[in-house]
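Enquirer: Below you'll find the structure I mean.
The values are calculated or read from the model by the stated rules, or taken from the named source; none is laboratory data. Because the structure is a prediction, the values reported are computed rather than measured. Cβ atoms come from the backbone with ideal geometry, glycine included; neighbour counts cover every protein chain shown. Accessible surface is based on the protein model in full, side chains and every heavy atom, while ligands, DNA and RNA are left aside. Shrake-Rupley method; radii C 1.70, N 1.55, O 1.52, S 1.80 Å.
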Amino acid sequence: MTDVAIIGGGAAGLACAAYLCSSGRKLSIIILDSGERAGKKLSQTGNGQGNVSNTDLRCVHYHGSKELVHLAEDIVCSGRYDWRSLFGCLFVTDERGRIYPSGRQASSLTDLLLKRIRSSKDCTCTLRLQTTATKIQKTEEGFRIQTDGGVAESRYAVLCTGGAVARQFRTDGSSYALATDLGHRKTPVLPSLVQLKTDMTDIKTLRGIRVEACLRAERQHKDLASAYGDVIFTSYGVSGSAVFDISSKTAGIIDRGDVVLHLDFLPQFSEHEIADMLRRRWNEGCRDEDLLCGTLHNTVSRMIVRKAKAGGNEASVLQDIVRLVKDFPLRVTGSAGADFAQVTHGGIRGDEVTEELESRIVPGLFMAGEILDLDGDCGGYNLQWAFCSGMHAADAVLKRLRRNSLA
């Protein structure tokens with residue numbers, strides 16, 4: 001029997017194991033993961049560059065059960081855990097506050113966590129890959145974990161199995177049953193940080209173009225959310241950091257229909273400033289298709305001018321161009337779905353775990369990371385939750401072990 005069984009070898013599970021291995025306590029640990037290698041999703045985060053955190057750590061960037069949002073404020077936003085110590089490398093911050101390893105290689109983060117785990121002088125940690133946990137049973141001594149490759153027994157168990165998106169990482173939502181079979185409940189799970197499908201009538205020519213813009217989502221004349229960042233035009237709609245932020249704040253609403261995105265291509269300029277520039281160029285004899293040349297991407301500018309002229313009123317063309325630059329509407333037809341999402345919105349309810357992330361239903365069972373009903377905005381917030389919640393669960397397990405050794 002091991003001291004701790006960690007089910008799931010992703011960001012939360014590896015952070016939990018690394019924290020335990022750095023505690024100075026002699027422990028036996030087993031990590032069970034269904035994939036062919038640990039940390040597969042972590043190794044690809046941030047477009048492969050490893051966006052692990054953000055300088056703007058406020059609870060407003062987290063969504064889900066109120067209990068877990070409050071906990072994120074305590075263990076993530078407060079800087080309570082020194083997550084950088086898990087890696088020991090240097091980190092850099094970009095102009096938007098996103099934090100990366102200075103080598104800009106996400107896979108190195110997985111390598112560093114595994115090296116910390118394997119190099120521990122105090123802990124014995126066994127990593128069993130391609131091993132799927134199918135059932136957890138509470139016993140007098142702790143837990144009996146049935147897998148497709150045998151049985152593991154442990155005094156404490158930590159569920160870090162992820163959510164219900166991106167099935168290529170073995171996270172299809174089936175692992176929620178490990179908790180629900182024990183009596184836990186989950187909120188509806190939905191894709192978040194996901195590309196959005198839109199009406200393509202006006203933007204077919206923009207495929208592959210990236211702009212920085214303000215994005216606002218509206219439904220039935222009511223604002224739902226807004227964001228600033230990258231907007232990437234695709235063959236089916238839009239992607240990019242601003243789109244991901246909108247999707248995280250509107251999960252469960254987007255697919256109901258009637259949502260319209262409004263793009264402000266030049267948020268740093270007022271309508272008056274843009275109108276003055278256009279009038280000057282018009283008076284200088286500038287051709288219609290060149291009115292926005294140098295101000296916007298040429299393909300974007302030609303699309304806007306073409307749409308403005310399609311209105312049929314030559315007297316108001318300049319006015320319509322200004323309007324479209326500052327408020328370009330795109331009707332949303334849905335999201336790209338769970339297979340393309342980066343994170344799950346929803347999960348095991350926050351009122352069913354304690355502030356130490358221990359199950360209120362099954363003592364000795366802890367949960368961390370995406371399995372819980374908490375998700376963050378785009379920009380490193382979800383990995384920060386994974387690391388800190390994994391460390392927090394490990395901290396709670398260590399307290400139980402110390403308490404029991406003194407009893």
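Enquirer: If you take the Cα Rg of the range 214-306 and divide it by 2.2 N^0.38 Å, with N the number of residues, what do you get? If you can, show how the numbers build up before the last one.
Expert: Values: Rg = 15.8 Å, N = 93, 2.2 N^0.38 = 12.3 Å.
Rg over 2.2 N^0.38 Å, computed on Cα atoms: 1.28.
Enquirer: Just the number, please: Stokes-Einstein D of the range 284-326 in µm²/s, Kirkwood Rh from C-alpha pairs, 10 °C, 1.306 mPa s. List each step's numbers first, then the result.
Expert: On the way: Rh = 10.3 Å.
Estimated via Stokes-Einstein, D reaches 155 µm²/s.
Enquirer: If you don't mind, another one. In whole Hz and in residue order, list the ³J(HN,Hα) couplings for the range 77-86 that follow from phi through the Karplus curve 6.51 cos²θ - 1.76 cosθ + 1.60, θ = phi - 60°; x for Gly and Pro.
Expert: Going residue by residue, I get 5, 7, x, 4, 10, 7, 5, 5, 5, 5 Hz, with x marking Gly and Pro.
Enquirer: Would you kindly derive the ³J(HN,Hα) couplings of the range 174-184 from the backbone phi angles with the Karplus curve 6.51 cos²θ - 1.76 cosθ + 1.60 (θ = phi - 60°), listing them in order in whole Hz, with x for Gly and Pro?
Expert: For the range 174-184, the Karplus curve yields 5, 6, 4, 4, 4, 8, 5, 5, 8, x, 6 Hz.
Enquirer: I'd like the carbon and sulfur percentage of the solvent accessible area for the range 251-326, probe radius 1.4 Å, heavy atoms only, ligands and nucleic acids excluded. Write down the numbers at each step before the final one.
Expert: On the way: 1890 of 4200 Å².
Of the solvent-accessible surface of the range 251-326, carbon and sulfur hold 45 percent.
Enquirer: Just to confirm a number: summing +1 for Lys and Arg and -1 for Asp and Glu over residues other than Ile117 whose beta-carbon lies under 15 angstrom from that of Ile117, what do you get? Show your work: numbers first, answer last.
Expert: Details: positive: Arg25, Lys26, Arg37, Lys115, Arg116, Arg118, Lys121, Arg128; negative: Asp3, Asp33, Asp111, Asp122.
Around Ile117, the charge tally is +4.
Enquirer: Let me ask another. How many nm is it between the label spots at Arg306 and Arg279, if each spot is 7 Å from the Cα in line with the beta carbon?
Expert: According to this spin-label approximation, the distance is 2.9 nm.
Enquirer: Can you bin the range 1-59 into rounded, prolate or oblate? Criterion: square roots of the alpha carbon gyration tensor eigenvalues sorted a ≥ b ≥ c, rounded for a/c under 1.5, prolate for a/b above b/c, oblate for the rest. Can you show the working numbers first?
Expert: Values: a/c = 2.87, a/b = 1.50, b/c = 1.91.
The shape class here is oblate.
Enquirer: Got a sec to turn the phi values of the range 363-378 into Karplus ³J(HN,Hα) couplings, 6.51 cos²θ - 1.76 cosθ + 1.60 with θ = phi - 60°, whole Hz, x for Gly and Pro?
Expert: Running phi through 6.51 cos²θ - 1.76 cosθ + 1.60 with θ = phi - 60° gives x, x, 9, 10, 9, 8, x, 6, 5, 8, 7, 8, 9, x, 5, 5 Hz.
Enquirer: Considering only the other residues whose Cβ falls under 13 Å of the Cβ of Arg302, what net charge follows from Lys and Arg at +1 and Asp and Glu at -1?
Expert: On the way: positive: Lys204, Arg287, Arg306, Lys307, Lys309; negative: Asp202, Asp288, Glu289, Asp290.
With Lys, Arg at +1 and Asp, Glu at -1, the net is +1.
Enquirer: Cross-link candidates for Lys222: which lysines have Cα within less than 26 Å, leaving aside residues fewer than 8 places away along the same chain?
Expert: Answer for Lys222, where 26 Å is the Cα cut-off: Lys66, Lys197, Lys249, Lys307, Lys326, listed by chain and number.
Enquirer: Tell me the per residue accessible area of the chain using a 1.4 Å probe; a whole number in Å² is fine. Don't skip to the end; give the middle numbers.
Expert: On the way: 17910 Å² over 407 residues.
Value returned for the chain: 44 Å² of accessible area per residue.
Enquirer: OK, next. Hey, what D do you get for the range 293-407 in µm²/s if you plug the Kirkwood alpha-carbon radius into Stokes-Einstein at 37 °C and 0.692 mPa s?
Expert: On the way: Rh = 19.0 Å.
The calculation lands on 172 µm²/s.
Enquirer: Within 10 Å of each candidate Cβ there may be at most 13 other Cβ atoms; applying that plus a DSSP loop requirement, which GluC sites (Glu not before Pro) in the range 134-238 survive?
Expert: Values: sites: Glu140, Glu141, Glu153, Glu212, Glu218; in loops: Glu140, Glu141.
Answer by residue number: Glu140, Glu141.
Enquirer: Here's something else I'd like to know. Can you give the net charge of the other residues whose Cβ lies under 10 Å from the Cβ of Phe265, counting K and R as +1 and D and E as -1? Before the final figure, lay out the partial values.
Expert: Values: positive: Lys326; negative: Glu212, Asp264, Asp327.
Net charge in that neighbourhood comes out at -2.
Enquirer: A further question on this structure: Around Gly46, which amide H atoms from residues at least 5 apart in sequence, or from another chain, sit under 5 Å from its own amide H, with H modelled in the peptide plane?
Expert: Asn51
Enquirer: Same structure again: With all distinct Cα pairs included, what does the Kirkwood hydrodynamic radius of the range 162-209 come out to in Å, to one decimal, could you say?
Expert: Values: mean 1/r = 0.0726 Å⁻¹.
Kirkwood hydrodynamic radius for the range 162-209: 13.8 Å.
Enquirer: So, one more: About the Cα centre of the range 1-120, how large is the charge dipole given +1 on each Lys and Arg Cβ and -1 on each Asp and Glu Cβ? Please answer in debye to the nearest 20.
Expert: Working: 15 positive and 11 negative charges, 57 e Å.
That gives a dipole near 280 debye.
Enquirer: If I take the Cα coordinates of the range 227-362 and project them onto the principal axes, what are the three extents in Å, biggest first?
Expert: Rounded to whole Å, the extents work out to 76, 26, 21 Å.
Enquirer: Search the structure for amide H atoms under 5 Å from the amide H of Phe366, placed 1.01 Å from N in the peptide plane, and list their residues when 5 or more places away or on another chain.
Expert: Those qualifying (amide H under 5 Å, at least 5 residues apart or on another chain) are Ala157, Val158, Leu159, Ser359.
Enquirer: Rounded, prolate or oblate: pick one for the range 48-140, where a ≥ b ≥ c are the square roots of the eigenvalues of its C-alpha gyration tensor, a/c under 1.5 means rounded, and failing that, prolate if a/b is larger than b/c, else oblate.
Expert: On the way: a/c = 2.02, a/b = 1.20, b/c = 1.69.
Note, shape of the range 48-140 comes out oblate.
Enquirer: Can you give me the long-range amide H partners of Thr198? Hydrogens built in the peptide plane at 1.01 Å from N, cutoff under 5 Å, separation of 5 or more residues or another chain.
Expert: Amide H to amide H, under 5 Å and 5 or more residues apart or across chains, Thr198 pairs with Gly237, Val238, Thr333.
Enquirer: Hey, another quick one. How large is the convex hull of the C-alpha atoms of the chain per residue, in Å³?
Expert: On the way: hull volume 56.1 nm³, N = 407.
Convex hull volume per residue, Cα atoms: 138 Å³.
Enquirer: Relative contact order (percent) for the chain, with alpha-carbon contacts under 8 angstrom and 6 or more residues of separation?
Expert: Contact order relative to length: 24 percent.
Enquirer: Accessible area, 1.4 Å probe, largest first: how do Met391, Met1 sort? Mind showing how you got there, number by number?
Expert: Details: Met391 5, Met1 120 Å².
Largest accessible area first, the list is Met1, Met391.
Enquirer: Among the lysines, select those whose C-alpha is under 16 Å from the C-alpha of Lys26, and discard any that sit fewer than 8 residues away in the same chain.
Expert: Excluding near neighbours in sequence, the set is Lys121, Lys399.
Enquirer: Using the Cα gyration tensor of the range 43-88, with a ≥ b ≥ c the square roots of its eigenvalues, what is the shape: rounded (a/c below 1.5), prolate (a/b larger than b/c) or oblate (neither)? Can you show the working numbers first?
Expert: Values: a/c = 2.39, a/b = 1.49, b/c = 1.60.
Oblate is the answer for the range 43-88, as a/c is 1.5 or above yet b/c matches or exceeds a/b.
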